[in-house]
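A.B. asks: Can you keep this structure in mind? I'll have questions shortly.
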Amino acid sequence: MLAEISHGRSQSLLKQRNMLAVFTLTLLGVALLLILALTTKDREIVLAPVLSRPLTISSAGVSKEYLELVSRDTATMLLNRTPSGLDYWMEQVLKVVDPSAYGRVKTQLVKIVAEQKGSDVAQAFSMTAMTIDLPHLTTDVTGFVTTYVGRQVITNEKKSFRFRWAYSGLSLSLVEFGQLVPDSHGDDA
């Protein structure tokens with residue numbers, strides 16, 4: 001009699017264990033499918049409606065419109081500076097710099113700050129054109145750079161600058177920038 005009760009109890013526990021194992025494996029399978037679905041699906045973020053049309057960014061890649069807007073704003077921020085706002089200027093520029101280029105870019109910016117701090121030299125940039133190379137994540141920005149000493153205009157030259165970007169996840173960040181210097185044939189380098 002005790003053997004029958006023990007056997008019945010063992011069979012009941014074995015059945016419960018098997019049902020728990022099937023349930024656990026099913027939950028594990030569902031969790032893996034959800035993780036796979038979430039990691040392979042492109043993520044999108046809708047950006048604030050301060051633009052003329054809604055703009056999204058996606059983990060699948062950066063859009064031409066987004067690259068243009070970020071390049072425009074970064075060029076305007078980077079190429080307009082006054083001696084009284086140099087520390088803030090450098091802080092804002094460094095916020096858009098890619099971590100891999102942070103040290104190199106900061107070194108360049110510190111040189112500019114050291115040269116202009118305490119002087120009356122200011123720079124203003126008026127953009128006239130932009131060329132976007134989406135596959136290489138570069139933008140070439142052209143415009144007039146006006147240099148002032150006090151309130152007097154010293155130079156007003158048309159110059160071109162190249163911005164190279166990195167896109168990771170949903171983050172676009174500046175890798176390098178510099179002035180494009182025309183070569184001896186009249187083409188940009």
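A.B. asks: Evaluate the charge dipole of the chain about its Cα centre and quote only its size in Debye, nearest 20, assuming +1 on the Cβ of each Lys and Arg and -1 on the Cβ of each Asp and Glu. If you can, show how the numbers build up before the last one.
C.D. replies: Values: 19 positive and 18 negative charges, 144 e Å.
About 700 debye.
A.B. asks: Could you go through the stretch 127-141 in sequence order and give the Karplus-derived ³J(HN,Hα) for each residue, using 6.51 cos²θ - 1.76 cosθ + 1.60 with θ = phi - 60°, rounded to whole Hz, and x for Gly and Pro?
C.D. replies: With coefficients 6.51, -1.76 and 1.60, one gets 6, 10, 7, 9, 10, 10, 10, 4, x, 9, 6, 10, 9, 10, 10 Hz.
A.B. asks: Then there's this: Tell me the mean residue ellipticity at 222 nm calculated for the chain from its helices only (DSSP H runs of n ≥ 4, each -39500 (n - 2.57), averaged over every residue, nearest 500). Walk me through the numbers on the way to the answer.
C.D. replies: Details: 4 runs with 80 residues, N = 189.
The helix contribution divided over the chain gives -14500 deg cm²/dmol.
A.B. asks: Which value, to two decimals, describes the C-alpha radius of gyration of the stretch 65-180 once divided by 2.2 N^0.38 Å? Don't skip to the answer; put the middle values down first.
C.D. replies: On the way: Rg = 14.3 Å, N = 116, 2.2 N^0.38 = 13.4 Å.
Here the answer is 1.06, to two decimals.
A.B. asks: Across the stretch 158-165, in residue order, what do the Karplus-derived ³J(HN,Hα) couplings come to in whole Hz, using 6.51 cos²θ - 1.76 cosθ + 1.60 with θ = phi - 60° and x for Gly and Pro?
C.D. replies: 7, 9, 10, 10, 10, 10, 10, 10
A.B. asks: Let me ask something else about it. Given H placed on each backbone N at 1.01 Å, which residues far from S63 in sequence or on other chains put an amide H within less than 5 Å of it?
C.D. replies: S58
A.B. asks: Can you list the HN-Hα couplings for the stretch 168-179, worked out from phi with the Karplus curve (6.51, -1.76, 1.60; θ = phi - 60°), rounded to whole Hz and with x for Gly and Pro?
C.D. replies: For the stretch 168-179, the Karplus-derived couplings read 9, x, 10, 10, 9, 9, 7, 9, 7, 8, x, 7 Hz, x marking Gly and Pro.
A.B. asks: Compute a Gaussian network model of the chain, connecting alpha carbons closer than 10 Å, and tell me which residue from M130, M19, M90 fluctuates the most.
C.D. replies: Residue with maximal mean-square fluctuation among M130, M19, M90: M19.
A.B. asks: Can you tell me, using C-alpha contacts under 8 Å and at least 6 residues apart, the relative contact order of the stretch 65-180 as a whole percent? Write out the running numbers ahead of the final one.
C.D. replies: On the way: 193 pairs, mean separation 27.2, N = 116.
The normalised contact order for the stretch 65-180 reaches 23 percent.
A.B. asks: Now a separate question. Would you mind telling me which residue in A114, A101, A37 has the biggest mean-square fluctuation in a Gaussian network model of the chain, where springs connect alpha carbons within a distance under 10 angstrom?
C.D. replies: A37
A.B. asks: Taking amide H positions as placed in the peptide plane 1.01 Å from N, state which residues far from L180 in sequence (5 or more) or on other chains have amide H under 5 Å from it.
C.D. replies: S160, F161, R162
Here, each number is a calculation from the coordinates, and none is a lab measurement. Bear in mind that the values here come from a model prediction, so they are computed numbers and not experimental data. Reconstructed Cβ throughout: ideal geometry from the backbone, glycine too, with neighbour counts over all protein chains shown.
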